[in-house]
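*Asks:* Supplied in structure tokens, the structure appears directly below.
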Amino acid sequence: MRFDIQASDLARFNIPPSEVSKSLRRLILIALLISVAAPVALPAQQPTTSTQEAERVAMREQLRKLLETSGPKKGINISFRQSAKQPFNFTGALREGLNNAESLEVVVGVTNNNTIGFRIYPHFKGGYINVEKAKNSLALMRLLLNLSDRAFLFWGVDASGDVFAGYTFTLESGFPEKSAEIVLYSIPNLDKFIGEMRPFIDGSAAVAAPAK
């Protein structure tokens with residue numbers, strides 16, 4: 001899959017290729033990233049009935065049990081706690097076994113729209129990875145779009161421009177215990193993608209995982 005901006009794409013918007021600046025290219029790529037992430041972003045909270053709220057609480061408790069049981073397992077190694085600010089969210093961080101990211105911040109939440117959302121924010125050199133602060137923002141955004149096509153989790157940026165990986169479950173068929181655990185096991189694998197991003201974040205080279 002390619003996300004290069006072609007003349008034919010610009011013609012649809014009556015934009016001569018000669019007038020396309022780096023700033024405009026950046027805006028177009030940001031719009032594409034938002035379009036990729038938007039359908040699976042955690043929905044805004046809406047008023048709920050007492051029945052819906054009870055169902056949401058029950059789903060949260062199932063999620064709590066899953067995270068308490070699966071989080072400590074070998075290959076996941078993440079301790080989760082309930083968020084004090086948002087009681088339907090659980091947060092945790094992976095800090096061990098990483099070669100490129102300093103840590104992977106994980107937020108798992110139950111929405112009132114019958115979905116469970118995973119959002120994983122990589123931390124790199126003391127903070128989040130922000131597309132606007134990257135050494136090569138355009139190349140980083142192109143890579144994020146490409147990763148959304150070829151990786152298990154999708155990639156996007158939030159309203160602040162911070163990079164995250166994510167996955168969203170709809171719950172029509174019940175609580176996705178096994179599938180959610182698969183997502184948890186996939187989190188450590190995100191470190192190799194941070195390695196791919198490093199040349200565009202600050203110009204540094206990726207660090208390969210040590211041979212087993």
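The values are calculated or read from the model by the stated rules, or taken from the named source; none is laboratory data. What you see is a predicted model; the values in this text were computed from it and never measured. Because the Cβ atoms are built from the backbone with ideal geometry, glycine has one as well, and the counts that use them run over all protein chains shown.
*Asks:* With the range 86-163 as the region, which strands (runs of 3 or more DSSP E) entirely inside it contain at least 2 residues that are at positive phi and either crowded, with 19+ Cβ neighbours inside 10 Å or at pLDDT 95 or above (or both)?
*Replies:* none
*Asks:* Would you point out which residue out of LEU104, LEU66 is of a type outside the set (Lys, Arg) and closer than 28 Å to GLU196 by Cα?
*Replies:* Result of the check over LEU104, LEU66: LEU104.
*Asks:* Additional query: Would a scan of the range 18-32 turn up a residue that is at pLDDT below 95 and in contact with a strand residue (DSSP E or B) (Cβ under 9 Å, 6 or more places away or on another chain)?
*Replies:* yes
Rundown of residues vs (1) touching a residue at least 60 places away in the same chain (Cβ under 8 Å); (2) more than 15 Å from the chain's Cα centre (by Cα); (3) more than 20 Å from ASN189 (Cα to Cα), yes/no style:
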| site | (1), (2), (3) |
| --- | --- |
| ARG56 | no, yes, yes |
| MET59 | yes, yes, yes |
| PRO87 | no, yes, yes |
| GLY92 | no, no, no |
| ILE116 | yes, no, yes |
| ILE120 | yes, no, no |
| PHE124 | yes, no, no |
| ILE129 | yes, no, no |
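*Asks:* Just the residues that are within 18 Å of LYS74 (Cα to Cα) and either of a type in the set (Asp, Glu) or part of a loop (DSSP other than H, G, I, E, B) (or both), please, taken from the range 181-209.
*Replies:* GLU181, ASP191, ALA209
*Asks:* Quick check: anything in the range 154-166 in contact with an Asp or Glu (Cβ under 7 Å, 6 or more places away or on another chain), over 29 Å from THR51 (Cα atoms) and small (Gly, Ala, Ser)? Spell out the reasoning first.
*Replies:* Residues of the range 154-166 that are in contact with an Asp or Glu (Cβ under 7 Å, 6 or more places away or on another chain), as a first pass: 161, 164.
This time we only want the ones that are over 29 Å from THR51 (Cα atoms), so: 161, 164.
Now restrict to residues that are small (Gly, Ala, Ser): 161.
Yes, that holds for at least one residue.
*Asks:* Scan the range 151-170 and give yes if some residue there is β-branched (Val, Ile, Thr), out of contact with any Ser or Thr (no Cβ under 7 Å at 6 or more places or on another chain) and free of Cβ contacts under 8 Å to residues at least 12 places away in the same chain, otherwise no. Spell out the reasoning first.
*Replies:* Narrowing the range 151-170 to residues β-branched (Val, Ile, Thr): 157, 163, 168, 170.
Still in the list and also out of contact with any Ser or Thr (no Cβ under 7 Å at 6 or more places or on another chain): 157, 163.
Then keep just the ones that are free of Cβ contacts under 8 Å to residues at least 12 places away in the same chain; that gives none.
No, there is no match, as no residue in the range 151-170 is β-branched (Val, Ile, Thr), out of contact with any Ser or Thr (no Cβ under 7 Å at 6 or more places or on another chain) and free of Cβ contacts under 8 Å to residues at least 12 places away in the same chain.
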